[in-house]
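So the structure is just underneath, and the comments pick up after that.
The values are calculated or read from the model by the stated rules, or taken from the named source; none is laboratory data. Because the structure is predicted, anything quoted here is derived from the model rather than measured. Heads up, the Cβs are rebuilt from the backbone with ideal geometry, glycines too, and the neighbour counts pull from every protein chain shown.
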Amino acid sequence: MHLQRAQAFRRKISPLGASPSTQHPHLLPRSFTTGSLDDEFVLLAGQPPLPKSLASGAFSHGSSFSSKAKKISTCTSEESVAPIRNGLLGGVLGFWHVLAGAKLLALMLLFVPAGFWARWSGQSDSIVFATNFWGIIPLAWLIGKSTEDLAAVTGEVVGGLLNASFGNVVEMLLCIASIRSGQLNLTKCTLLGSILSNLLLVMGCSCLLGGLFHKTQHFTEAGANVQVVMLLLSVMTLSLPTGYAYTMRDEDEHVQAAMLKMSRYLSVLLLVAYALYLYFQLVTHSDLFGSPSCCDEEEEEVPPDLGPRAAASVLAACTVLCALATDYLIDSIHGTVASWGLTQEFVGIILLPIIGNAAEHYTAMTVAMADKMDLALGVAVGSSCQMALLVAPFTVVVGWTTGQEMSLDFHAFQLLVLVGSVLVVAGVLWSRSTHWLYGAMMIIAYLAIAIVYLCESPGASTFEDRRGTSVLAALNIM
């Protein structure tokens, strides 16, 4: 929901009509919200200058924007808005327009056939991993773009459900591939890494870059409180199987079966909680997560680049290609970590989240620089909630249906890292304002976690079955 509104806002400030994830990142001018427009930065990015009505403070703090992804202020000229394209030829032209709006990501699509060729021709695991890693990033961008265009013509509620379903499809595909290959520990690492990346890295960069353009940025207290509660609920629920498994370590023959059953039932409960959260966000209390348009007097629809059929076709094709690429990527991890001297934990917690979080990262940073911290925090924290409340229990259910013993039993160190990260973010959200120092501290916290896994010996996996140390013992050592 937040991502959909952030994409709508980016469309307002993008003359090409591209989504946040479709354009190569560029620096917004310092005068973005001050009334004067410095065209140099925009022209360097290969785009025409922003309309004066957008640069005159229309999006300064306290002003509002449309809660519907299809609305835009009339300050954008008709020439700068891409018309909706129907039919086969129109779909091709629309897709070409999307690629032209993000040349770097379009060029990265060459990694997709390169990754398939590397796998089919029997190249080394390192080459297969690297090519598919870079190939998944533009596929994730196209999935996000096609989902956005499809949501723009289906209404806010249906669009929100589409974004909820496909917002983390790359992470879902990575987890499914790792479960199918029996790498359950890698699945848990990917889940944890995506949550940490959104909470600390994406949110930290948003606060840092937003703070460089605006001394102090404020956001809505009610929406932030809901996000904090959902985060704390997810962490508490995820910690129950881990705490049970470690405190009952003297009864290993019975603990594993009970912990697995517990994880499956808790996963169903988390899915119910996420459904209630969506209903709360989209239907009963949507006013807490959005505000009226910035120009209520005159509004017009922004046609998406892709029509419904073209968007659905691109979404289906890219999802299939992404599923193949993630399979090849996961299958090549063993050889890659051996040749690169890394651990599975570093790959799963640090590297793999880059694939799925690239679009959210750019979206959150862009709207934060435009002094829209409600959107930026909603994208970052909302994605973390979605990972914890939807993707994590989804992987357990997938393991349940495929006969894999996928559980919510994380290692004590991972649990401590997750709890600490959530407490840091909760403190920021409870402050009701952000500045660049908050962002810098969150980035430092993320880098500290990355250093731990980078320096970890490949033979000392933190996910090995070490039942000799409980959570309380780990805390006493600290």
Take Ile349 and tell me if it is among the aliphatic types (A, V, I, L, M), surrounded by fewer than 24 Cβ atoms within 10 Å (Cβ to Cβ) and within 18 Å of Tyr446 (Cα to Cα).
no
Filter the range 418-433 for residues that are farther than 13 Å from Ile449 by Cβ, in contact with a helix residue (DSSP H, G or I) (Cβ under 6 Å, 6 or more places away or on another chain) and small (Gly, Ala, Ser) and give the result.
Ala426
Restrict the check to the range 398-414 and report whether at least one residue is within 26 Å of Ala364 (Cα to Cα) and crowded, with 18+ Cβ neighbours inside 10 Å.
yes
Can you tell me which of Thr366, Thr326 is closer than 25 Å to Ser146 by Cβ, out of contact with any Pro (no Cβ under 7 Å at 6 or more places or on another chain) and in contact (Cβ under 8 Å) with a residue 12 or more places away in the chain?
Thr326
Note on Thr284: of the conditions (1) β-branched (Val, Ile, Thr); (2) out of contact with any strand residue (DSSP E or B) (no Cβ under 8 Å at 6 or more places or on another chain); (3) buried (at least 17 other Cβ atoms within 10 Å of the Cβ); (4) at pLDDT below 85, unmet is (3)
Looking only at the range 226-240, how many residues end up being closer than 16 Å to Asp409 by Cα and either of a type outside the set (A, V, I, L, M, F, W, C) or crowded, with 18+ Cβ neighbours inside 10 Å (or both)?
5
Residue list for the range 417-442, restricted to those being at pLDDT 90 or above and over 21 Å from the mean Cα position of the chain (by Cα)
Trp436, Leu437
I need the full set of residues from the range 396-441 which are of a type outside the set (A, V, I, L, M), in contact (Cβ under 8 Å) with a residue 60 or more places away in the chain and part of a loop (DSSP other than H, G, I, E, B), in order please.
Gln404, Glu405, Ser407, Asp409, Phe410, His411, Arg432, His435
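Part of a helix (DSSP H, G or I), of a type in the set (Ser, Thr, Tyr) and crowded, with 24+ Cβ neighbours inside 10 Å: does that describe Ser384?
So Ser384 passes the test.
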Going by the structure shown, is Leu389 under 26 Å from Gly243 (Cβ atoms), crowded, with 24+ Cβ neighbours inside 10 Å, over 20 Å from the mean Cα position of the chain (by Cα) and not hydroxyl-bearing (Ser, Thr, Tyr)?
no
